[in-house]
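To start, the structure itself, in structure tokens.
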Amino acid sequence: MMIMTRYALLLLLAFASLQLLCFAADDDVFYDSFEESFDGRWIVSDKDDYKGVWKHSKSEGHDDYGLLVSEMAKKYAIVKELDEAVNLKDGTTVLQFETRLQGGLECGGAYLKYLRPQDAGWKPKEFDNESPYSIMFGPDKCGATNKLHFILKHKNPKSGEYIEHHLKYPPSVPSDKLTHVYTAILKPDNEVSILIDGEEKKKASFLSAEDFEPPLIPSKTIPDPDDKKPEDWDERAKIPDPDAVKPEDWDEDAPMEIEDEEAVKPESWLDDEPEEIDDPEATKPEDWDDEEDGEWEAPKIENPQCEIAPGCGEWKRPMKRNPAYKGKWSPPLIDNPSYKGIWKPQEIPNPNYFELEKPDFDPIAAIGIEIWTMQDGILFDNILIAKNDKVAESYRETTWKPKFEVEKEKQKAEDEAADSARLAGFQRKVFDVLYKVADIPFLSKYKHQILDLIEHAETQPNLTIGVLVSIVVIILTIFFKLIFGGKKQPRVEKKPEVAKTSNGEGSSGEKAEEAEKEEAAAAPRRRRRDN
């Protein structure tokens, strides 16, 4: 059976590899697995801002290499020029890459920029955040921001200006430390599909105003920039009533609170007692110098006499709300007869409006990583550009999924071990408390029963909660007996029976003593715990 399983697995891997090779022949435009060093293939920016050091490093727990962000709180920039620019207008284009946040990601980006040709105005050695790109795609997380970016830079044919169009409501990114694969599939029907670990998380249309902000197709009209609000335009919906008059009995000077004239000083009020007194236990420090430190005074404490009395010192009537208080008078509001609504400039035809049947994508000539992150340990791997989504699927199955499954199982084992350790620590504390409970004097009659329960739970930790409940029941039972146990029955003295000795048997006292010894010998020995 084992041989058959291995044979089937080898066939599956061979088929997947053959399928991958077949696809790659025509549809694999660019692929870098980083099994070889990036030196000489990728170009690190010389810009002063980008001091982060890139490293060719293995992914933790694997023999698989990647491109590693090695330092915290740094800016990074590196770029790879493609042998041939990728035309995004022709058929399907798939953008895919893997990242692993080996140290987590609290604040930073792990996205890729797909750059326009260099004639757009950039140089590899000077690659920075201003370098023009066609698409930016990948995770970004900091504070309230947690999303998988997809940003398209699209040229307005009327104005010639490049506008950033952000995918609305992008999916959030996984927050664990496992390897994840991100895929964007640009389709010829103007749709883009966003996948995380091969599962579609978002589908959008490039031409829909509901999916991109701002929309690729601008509105037909815009507010007239030269239109000005008339000086007599009244936007107030309500106005103070000009005919309203303040009532004669309205006293604006009446205070909010007044003394409560009905209040009476309590009879036991201590008029002659101060609220604070010198601390009688305080003593003058031995090193106190009256000339340098001044005359020593004992610190004050609250007068204990005031704690048992209604109050101390001079009694004053409490304050209460003044029923005559009305505050400042203001006239009531009425509908404004001159109200014209909120002013808006009039709409005029948008000079930059254009119609669009398909996005006018700029080609991709290079792949760049330009990020600023507070974490190290971000690993990029298996960067792919393909013209067939089956190619990307094959790479996910053969390069990403095996790693992910290993990492997931390891993480699961670590989580279970951590949970088990926390539970064991909790149970040990519970058992320590229970042994102390068993030694409480008024529970002495039930001590052996409680110890039996504890020892049973120690051999089967899953019974800890049940043991706790049982001991609580015992304690409650004792309390109820103490409170509601009723009257004690009168003690009846019995005369001792005369022992029969004629038949050679021992006396009843001897029999009782022997029975006690047998019972003690039969009882299990319980281990003792020192408090």
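The values are calculated or read from the model by the stated rules, or taken from the named source; none is laboratory data. Quick caveat: nothing in here was measured; it's all calculated off a predicted structure. Reconstructed Cβ throughout: ideal geometry from the backbone, glycine too, with neighbour counts over all protein chains shown. Each accessible area value is taken on the protein alone, full model and side chains, heavy atoms only, with ligands, DNA and RNA left out. Shrake-Rupley method; radii C 1.70, N 1.55, O 1.52, S 1.80 Å.
For a Förster distance of 45 Å, can you work out the FRET efficiency between the beta-carbons of Ser330 and Ala263, rounded to the nearest 0.05?
Values: r = 34 Å, r/R0 = 0.75.
So the FRET efficiency works out to roughly 0.85.
For Asp83 paired with His62, estimate the spin-label separation in nm (one decimal), with each label point 7 Å from Cα along the Cα-to-Cβ line.
2.5
Quick one: length gained pulling Lys203 to Lys320 fully straight, 0.36 nm per residue minus the C-alpha distance?
Working: separation 117, 0.36 × 117 = 42.12 nm, distance 6.48 nm.
Length gained between Lys203 and Lys320: 35.6 nm.
If each residue of separation counts as 0.36 nm, what is the full-extension length gain between Lys412 and Asn156 once their alpha-carbon separation is subtracted?
Working: separation 256, 0.36 × 256 = 92.16 nm, distance 5.01 nm.
Full extension from Lys412 to Asn156 adds 87.2 nm.
Assuming R0 = 41 Å, can you tell me the calculated FRET efficiency for the pair Asp224 and Asp176, based on Cβ-Cβ distance, to the nearest 0.05?
Details: r = 52 Å, r/R0 = 1.27.
E(calc), rounded to 0.05, equals 0.20.
Just check region 317-413 against the gyration tensor rule for me: Cα atoms, a ≥ b ≥ c as the square roots of the eigenvalues, rounded for a/c under 1.5, and otherwise prolate or oblate depending on whether a/b exceeds b/c. Write down the numbers at each step before the final one.
Numbers: a/c = 4.37, a/b = 1.73, b/c = 2.53.
It comes out oblate by the Cα gyration axes.
Exactly which GluC sites (Glu not before Pro) in region 272-333 are in a DSSP loop and have at most 14 other Cβ atoms within 10 Å? Before the final figure, lay out each step's value.
On the way: sites: Glu275, Glu276, Glu281, Glu286, Glu291, Glu292, Glu295, Glu297, Glu302, Glu307, Glu314; in loops: Glu275, Glu281, Glu286, Glu295, Glu297, Glu314.
Loop-located and lightly packed - Glu275, Glu281, Glu286, Glu295, Glu297, Glu314.
Check cross-link reach from Lys340 to the lysines: straight Cα distance under 30 Å, and skip same-chain residues fewer than eight apart.
Lys220, Lys228, Lys229, Lys238, Lys246
Compute the distance in nm between two label points, each set 7 Å from the Cα along the Cα-to-Cβ direction, one at Glu297 and one at Ser70.
So the two model labels end up 6.7 nm from each other.
Taking 0.36 nm per intervening residue step and subtracting the Cα-Cα distance, what contour gain separates Gln118 from Arg236 on full extension?
Numbers: separation 118, 0.36 × 118 = 42.48 nm, distance 5.55 nm.
Fully extending the segment from Gln118 to Arg236 adds 36.9 nm.
Compare Ile367, Ile43, Ile342 by solvent-accessible area with a 1.4 Å probe and give them largest first, with all protein chains kept in place.
Numbers: Ile367 0, Ile43 50, Ile342 115 Å².
My answer, sorted largest first, is Ile342, Ile43, Ile367.
What residues of region 161-193 lie in the reach of a label at Glu210, counting those whose backbone N is under 18 Å from a point 7 Å from the Cα along Cα→Cβ?
166-171, 190-193
May I ask you to give the percent of accessible area on region 149-293 that is carbon plus sulfur, with a probe radius of 1.4 Å?
Details: 4360 of 9650 Å².
For region 149-293, the apolar C and S fraction of the accessible surface comes to 45 percent.
Quick one: if the Förster radius is 30 Å, what FRET efficiency do Cys107 and Ala421 give, using the C-beta to C-beta distance and rounding to 0.05? Before the final figure, lay out each step's value.
Working: r = 30 Å, r/R0 = 1.00.
That pair, Cys107 with Ala421, gives E of 0.50.
Quick one: grab the alpha carbon gyration tensor of region 159-274, order the square roots of its eigenvalues as a ≥ b ≥ c, and give me rounded if a/c is under 1.5, else prolate or oblate depending on whether a/b is larger than b/c. Intermediate values should be presented prior to the final figure.
Details: a/c = 5.74, a/b = 1.78, b/c = 3.23.
Cα axes put region 159-274 in the oblate bin.
I need the phi-derived Karplus couplings for region 124-139: 6.51 cos²θ - 1.76 cosθ + 1.60, θ = phi - 60°, integer Hz, Gly and Pro marked x.
With the stated coefficients, region 124-139 comes to x, 5, 10, 4, 8, 6, 8, 5, x, 10, 8, 9, 10, 8, x, x Hz.
By the scheme Lys and Arg +1, Asp and Glu -1, what is the net charge of all other residues having a beta-carbon under 15 Å from that of Gly52? Numbers along the way, then the final one.
Working: positive: Lys47, Lys51, Lys55, Lys74, Lys75; negative: Asp46, Asp48, Asp49, Glu71, Asp128, Glu370, Asp376.
Counting the neighbours of Gly52, the net charge comes to -2.
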